[in-house]
């Protein structure tokens, strides 16, 4: 009874074997016919969406799999001309054997050897122009694009055909500006693979190359490539790795009406200044030299980017906040707010006022001086901050950079137990460069100021107010301190000057010799009020009023303090206290029991000598 069953199974197996043998034996015949040979070029062009030409007849191999090798391949750009969009020394195509037997062309893999992609925006040869408009991919993009524009299909799954694409391998590729020797080379040594099994399947990319003299590798994945090319939204993962920069993006992309992204971005660089130069960013001096990183939720397009929940890290500094960057003006414009744990305001201002590097040509240096590299309008807050020798806490400030003007405004800060406000303006809009510095410190502790200046025995204690105004020709704020003019005033109440013994001072004056200030150390000189008013000009302070008063003594000083070289040239009097009044310049400042003296030397080592009042004898 089983013999009919076995007979049927044997016949079925024989039929399958015969079909397989027929398929194998027919491959040479099929490959030798013009059906396969002539359609290879046509199918490659249909897949790419551009006209394809070859310089030699295709070479076909059948074992171990079907491969077609095309020599001197040229992909022609849009239009009626013969300008190549891409050319390659060789294109090797792997075909499906089953599809070939049935008379169809179905690619499983492609291999481009030494391809060159030509891009030149001046002639219209762009990536946008390179997108397929016809062929299998172009038709799929057009179909999905129509569905996206149809309001009835909103929210529906797009109908993307499942045609096979396969793996595309690049060997020693390049991207250049023109099909000539003088064409600019953008990318070289391109090697990698693009894996796209079917039109409706995800696409992955792994590529390496050389750009601007540095090696880099790029990896990526696109969930719906046809939908993205048609102007829809697709999930995208991208990563770039080089010795100077590591970048990762995980989010969504939308190509139309302009490339728009929304996702998570991270950047890391071991040498930010070199990375900026490699990326051909505008010259920005003062970039942190150490490792720098950033993570943020990014959204926007090529014209404007928003960075939310941004976290920045650098050498000994971290910051959090939100920024918005606009690229529509001549230079990038950055606005937003950042909160630092520590902020070096010296380094911040140096980033926009330091001279350009000597490696620039003279014309480049002039332009870099005249035009600042970016525009800024950013609110900065910091737990602690430094400006020159001033250390501050709870700092609220704003930095603005626009059209050759750099402004730093400290609206509120805590320093020396009081409140500090400051404003710095540096302008390079026209020659000569100008600057302005204003500082107001109220309710500060004089002892804390002396400790911060490293002179605890030379600065009065007590609660006081300090005001500083400087204006002049300057490129940097340090030049402003040394070359400008302005005013300085300080007033302290209910304090004392350490290591200033009034009794020892009188004894030294009676000896009528010069002596160092260190000989007066010991007791303190208490005061009810200590005031100083001075005019500043070209690195020197000319004293307009200087008085130290208590219930018993009154000290007055006049003269010049060249603060640029830290020297002293003062004359003064020490006498009994009197009601506060303006001294008469025409009268003798030393009358009665007053002692006149001179103070000279340097800040670190001052000396004092008495001024002897010799009476004039009239004939």
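Only one residue in 323, 227 is touching a strand residue (DSSP E or B) at 6+ places or on another chain (Cβ under 6 Å) and farther than 28 Å from residue 144 by Cβ, so which one is that?
Working: 227 fails: farther than 28 Å from residue 144 by Cβ.
Criteria check complete, one pass: 323.
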The condition from (1) closer than 30 Å to residue 469 by Cα; (2) over 56 Å from the mean Cα position of the chain (by Cα) that residue 505 misses is numbered (1)
Log entry, pairs with first residue in region 144-156 being part of a helix (DSSP H, G or I), second being at pLDDT below 75, beta carbons closer than 6 Å, six or more apart or on different chains, reads 144/158; 147/153; 147/158
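Out of all the residues in region 574-596, is one or more closer than 30 Å to residue 471 by Cα and at pLDDT 90 or above? Working first, answer last.
Here is the first cut: in region 574-596, the ones closer than 30 Å to residue 471 by Cα are 582-583, 585.
With at pLDDT 90 or above added as a condition, the list becomes none.
Checked region 574-596: no residue is closer than 30 Å to residue 471 by Cα and at pLDDT 90 or above.
Quick one: which of 351, 396, 347 is more than 18 Å from the chain's Cα centre (by Cα) and at pLDDT 55 or above?
Numbers: 351 fails: more than 18 Å from the chain's Cα centre (by Cα); 347 fails: more than 18 Å from the chain's Cα centre (by Cα).
The match here is 396.
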### Query
Any residue at all in region 550-562 that is under 15 Å from residue 606 (Cβ atoms), surrounded by fewer than 19 Cβ atoms within 10 Å (Cβ to Cβ) and within 43 Å of the chain's Cα centre (by Cα)?
yes
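Would you check if residue 300 is in contact (Cβ under 8 Å) with a residue 12 or more places away in the chain, touching a helix residue (DSSP H, G or I) at 6+ places or on another chain (Cβ under 6 Å) and not assigned by TED's automatic domain parsing to the domain that holds residue 425?
Numbers: in contact (Cβ under 8 Å) with a residue 12 or more places away in the chain: yes; touching a helix residue (DSSP H, G or I) at 6+ places or on another chain (Cβ under 6 Å): no; not assigned by TED's automatic domain parsing to the domain that holds residue 425: yes.
Against the criterion (in contact (Cβ under 8 Å) with a residue 12 or more places away in the chain, touching a helix residue (DSSP H, G or I) at 6+ places or on another chain (Cβ under 6 Å) and not assigned by TED's automatic domain parsing to the domain that holds residue 425), residue 300 does not qualify.
Got at least one residue in region 231-244 being closer than 28 Å to residue 291 by Cβ and touching a residue at least 40 places away in the same chain (Cβ under 8 Å)? It would help to see each step written out before you state the result.
Our first condition is that a residue be closer than 28 Å to residue 291 by Cβ; within region 231-244, this holds for 236-244.
Subsequent filtering for residues that are touching a residue at least 40 places away in the same chain (Cβ under 8 Å) retains none.
The answer is no; no qualifying residue exists.
The values are calculated or read from the model by the stated rules, or taken from the named source; none is laboratory data. This is a predicted model, so every value here is computed, not measured. All Cβ positions, even for glycine, are placed from backbone atoms using ideal geometry, and neighbour counts span all protein chains on display.
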